[in-house]
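Trainee: Got a structure here, written out as structure tokens. Questions coming.
The values are calculated or read from the model by the stated rules, or taken from the named source; none is laboratory data. Just so you know, these numbers come straight off a predicted model, no measurement behind them. A quick note on method: Cβ atoms are made from the backbone with ideal geometry, for glycine too, and the neighbour counts reach across all protein chains shown. Please note that ligands, DNA and RNA were not included when accessible areas were found on the heavy atoms of the full protein model with its side chains. Shrake-Rupley method; radii C 1.70, N 1.55, O 1.52, S 1.80 Å.
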Amino acid sequence: MATNGHVNGVSNGVNGTRQNLIPSASRLKKGRALAQDVWSIYNVANLPADCINLGQGYMNFSPPQWIKDAANDALATVVANHYSHPKGRIRLREAIRNYYSHDFGRDLNVETEIVVTSGANEGEPYDFVHLNQYLIQEGDEVIMFEPFFDQYLACVVFNGGVPVYVPLHPDMSKDKPTGDDWKIDFDELRRAVTSRTKIIIVNTPHNPVGKVFTRLELEKIAALAEEFNLLVLSDEVYDTLVFDGKEHIRFATLPGMWDRTVTVESAGKMFAATGWRVGWLIGPSWIMHPTLAATTRIVFCSNSPMQEAVATGLEQVASRGFIENQLQEYTERRKILTDALDKLGAKYTLPEGTYFLLLDISDLKWPEDYPFPDSVLGRGRDFKACWFMAMEIGVSSIPVSEFYCEEHVDIGENFARFAFCKDTETLKRAAERLQALSRFLR
């Protein structure tokens, strides 16, 4: 019989709970999986009940009714309530082919060049899973531009890769900086490439900066990929949200890039349906084949009825003028937020794409004795700024230093990310509250 707080030779912890039964994998720490993440700190449960959530990038409105009707129609059938092919339902793959073939300048093969995933987030780790198996050896390197979408880090580290960080450098000296004023130092990028580099991740339009990479920038990245024989993961999930006549360039369409590029897309961003978790990958068959193998072994298939609804969406967007109308709506939402910040006299990065805006909070001041929680202490200055704004102004945002490595936190801690994927009434209320920041700006 076990005694003295031991059970089968393992010590019990406080209140009888077991501690350190088996050490967790070191990659969980390297991938920040064990640290308290920014989403839990600035969760609505931790903020005032009336705080307006412009932090997390999900909509507070539903997908269009005609797509919801398509989902209901699919649920009313028998076949759509059961397993789909791991590649994705054929109707959706055909809709993807018909929608994207013109953009890619080629007739996409629904059997070998398209894989439907459970959201775009899943698509990225799946790529790394198969690359880990077929290309990446332990210690091989993946280049990420900072600020980076936080899922990238886990995707790299959990599969044995080593993240290499190349920051975008913001020029905030202009009166009205835009996403284009966040620049790549291409000498710095070249120095980041080593004999162990295997992948570059490109995100355009860029979350959280709102930068739409120019053709020249992408061509320079492509030249490095060609020179050093690198694979490119091109995250283009915000491709339908590009403002002010900017041109979205598909990386895979650049000369020589189709055979080394995987493009990631998302129905959640396109149709305001982030909870449906439907995305897809487009790329050459030599990459899609092992990706499909990973998909089959991990989840087997994605949500069947929602795939049918998304297929309806892609089939009808052109005839309904949906993308154009949605862009006008997001342009209005962006203007509500920028007008408020202009009235306030605050500096921000005008986004060229996505539904995110970066506010420069370097001039924001708060009382030295302000009672911040432990969760924001010892982190970038922006963690305190975002907490202070949520508590005192009643508008939540996300600290951008979360999307940087420790070495480059000093760049990100000058900014807070606001999401304008909200209905106009919510944004107008937030705009009114933001005027109260004038008391705390130096």
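Trainee: Relative contact order of the chain: what whole-number percent is it, with Cα pairs under 8 angstrom and at least 6 residues apart?
Mentor: Values: 799 pairs, mean separation 98.7, N = 442.
Taking the mean separation of contacting Cα pairs over the length of the chain, I get 22 percent.
Trainee: When the helices in the chain are scored as -39500 (n - 2.57) per DSSP H run of 4 or longer and the sum is shared across all residues, what 222 nm value do you end up with, to the nearest 500 deg cm²/dmol?
Mentor: Value at 222 nm, helices only: -11000 deg cm²/dmol.
Trainee: Could you grab the Rg to Rh ratio for segment 269-421? Cα atoms only, Kirkwood for Rh.
Mentor: Result: Rg/Rh = 1.08.
Trainee: Over the Cα atoms, compute the radius of gyration (one decimal) and Dmax (the largest Cα-Cα distance, rounded to a whole number) for the chain, in Å.
Mentor: 22.7, 75
Trainee: Carbon-plus-sulfur fraction of the accessible area of segment 65-317, 1.4 Å probe, in percent?
Mentor: 50 percent
Trainee: Relative contact order of segment 314-437: what whole-number percent is it, with Cα pairs under 8 angstrom and at least 6 residues apart?
Mentor: 31 percent
Trainee: Any idea what the alpha-carbon Rg over 2.2 N^0.38 Å comes to for segment 257-343?
Mentor: 1.44
Trainee: Obtain the nm distance between the two label points defined at Asp107 and Lys335 by a simple spin-label model: each point lies 7 Å from its Cα along the Cα-to-C-beta direction.
Mentor: Placing both labels 7 Å along Cα→Cβ, they lie 4.3 nm apart.
Trainee: May I ask which of Lys176/Lys246; Lys68/Lys211; Lys183/Lys384; Lys183/Lys347; Lys174/Lys343 have a Cα-Cα span longer than 23 Å here?
Mentor: Lys68/Lys211; Lys183/Lys384
Trainee: Oh, and also: How large is the accessible surface per residue of the chain, computed with a 1.4 Å probe and reported in Å² as a whole number?
Mentor: Each residue of the chain exposes 43 Å² on average to a 1.4 Å probe.
Trainee: So for segment 65-317, Kirkwood radius off the Cα pairs, Stokes-Einstein at 20 °C and 1.002 mPa s: how many µm² s⁻¹?
Mentor: 115 µm²/s
Trainee: Could I ask something else about it? Return a whole-number percent for the relative contact order of segment 178-319, with Cα pairs under 8 Å and 6 or more residues apart as the contact set. Show your work: numbers first, answer last.
Mentor: On the way: 167 pairs, mean separation 24.7, N = 142.
With pairs under 8 Å counted, the relative contact order is 17 percent.
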